[in-house]
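Below you'll find the structure, written out as structure tokens, and then a few comments.
The values are calculated or read from the model by the stated rules, or taken from the named source; none is laboratory data. If you're wondering where the values come from, they're calculated on a predicted model, not measured in any experiment. Positions of Cβ are generated from backbone atoms using ideal geometry, with glycine treated the same way; all protein chains shown enter the neighbour counts.
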Amino acid sequence: MNSLSIATTANAVRLAGKTAPPRQRSRVPVPGRFVGTSSSLRRSLTLGAGARRRASLVVNAEGSSSVDVVSPDVESDAVPDVAPIGAAEGYVKLAKCLDAIKDLPPSERAEAAENATGTVRSVLNGMKAAGETSRWDCYPELTRRNIFPNELNQMGVKNSSQIGQPNNTNDFNFIVGVTMSTSFLALIVGATLPGDWGAFGSYLIGGISLAVLAVGSTAPGLLQVAIDRFARISPEYRNRIARHEAAHFLVGYMLGVPVAGYSLGLGAAHTDFLEAKLERKVYGKIAISEKTMLPLACVSMAGVAAEALAFEDVRGQEADLRDLQRILNKAEPKLSDQSQQQVTRWAVWQAASMLKRHEASFDALTRAMEEGASVADCLKVIEAAPKPQ
């Protein structure tokens, strides 16, 4: 799958106080770490207005910490005090704003996206105030607890042991395909061309597979486009990419993260979110607080969760995990290796919970993205899907 690198060109978690339903409180140790692996999908993350999470951190005498935990499925229809905006007007405004960003040169899009964040969020909040967007920013509370592997299985994850493990299925299939095809072609050339031409042609064609192996051993990145193109022959793989990106899109949207755009293109599958403030936190020297880290971790692992719910293996996780590791390394207070593993497991579980609860929206969004729908049209299908019971 393409290298899921979260190019956090878009991320800021705004934690505004919002009215939420009564919380179910319990105390659990604060956890968090993981080891990363796969492909080349760019991603910009913004944790916006509704991504504000409140977690009460407690440190005991031994130095361990805990948080007040809220039920993961607590949702809210609370919205800021904004003027209501009808669906027709709202989607037109969103389409106009996002299309303007898309039409800009790549070098200018990041700044334009950050400048457009307020407008997009204001429109979405206005539509929510009018009762037109029930999924936008519907999870005002995110807190974590220790998650055990069997809980992932109970959530519907097909093989929890595959999470965090490198997957070389695409590479293996590509090498086998090249070797078999060149060997067959070499046999045909040797049998059809006369004299030395047949022998020379056979050796030349047979050497292609050796050249591919040599390049893969010394500069594997050069083969990524070819490997991805070969993998896309399979309809299942194309659907896997769409599900992965749709999960990032939907989970981000439900956490109050405005989406700027997406692509399922060859070697460039990614989901872009608005804003760039978080990039300075992730790549700079500024520490990331727990309340900032949790929504970001959840959006980061949404694609992994989507694959794990549908397939036995997870192919698009390496770069997602790599970028999550960078985020966890910035967390304050610092997290132990075991705690980081717990955060990763929790993020997959939380994202899977959200995707299963809003399965109708997720399936509709996946189909829309496979058909190349605009962001505004994707938002329409999310909101038009039946509400969860």
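When segment 107-145 is examined, which residues are found to be touching a strand residue (DSSP E or B) at 6+ places or on another chain (Cβ under 6 Å) and part of a helix (DSSP H, G or I)?
Here is the first cut: in segment 107-145, the residues touching a strand residue (DSSP E or B) at 6+ places or on another chain (Cβ under 6 Å) are 113, 143, 145.
Passing the criteria: only 113.
Only one residue in 367, 322, 357, 345 is of a type in the set (Lys, Arg) and at pLDDT below 90. Which one? Quick ask: steps written out before the conclusion?
Working: 367 fails: at pLDDT below 90; 357 fails: at pLDDT below 90; 345 fails: at pLDDT below 90.
Checking each option against the conditions leaves just 322.
Are there any helices (runs of 4 or more DSSP H) wholly within segment 311-376 with 2 or more residues that are over 19 Å from residue 160 (Cβ atoms) and within 16 Å of the chain's Cα centre (by Cα), and if so which?
In segment 311-376, the matching helices (runs of 4 or more DSSP H) lie at 318-329, 359-370.
Among (1) within 20 Å of residue 135 (Cα to Cα); (2) in contact with a helix residue (DSSP H, G or I) (Cβ under 7 Å, 6 or more places away or on another chain); (3) not aliphatic (A, V, I, L, M), where does residue 340 come up short?
(1) is the only condition that residue 340 fails.
Confirm whether residue 306 is in a helix (DSSP H, G or I), crowded, with 21+ Cβ neighbours inside 10 Å and at pLDDT below 90.
On the way: in a helix (DSSP H, G or I): yes; crowded, with 21+ Cβ neighbours inside 10 Å: yes; at pLDDT below 90: no.
No.
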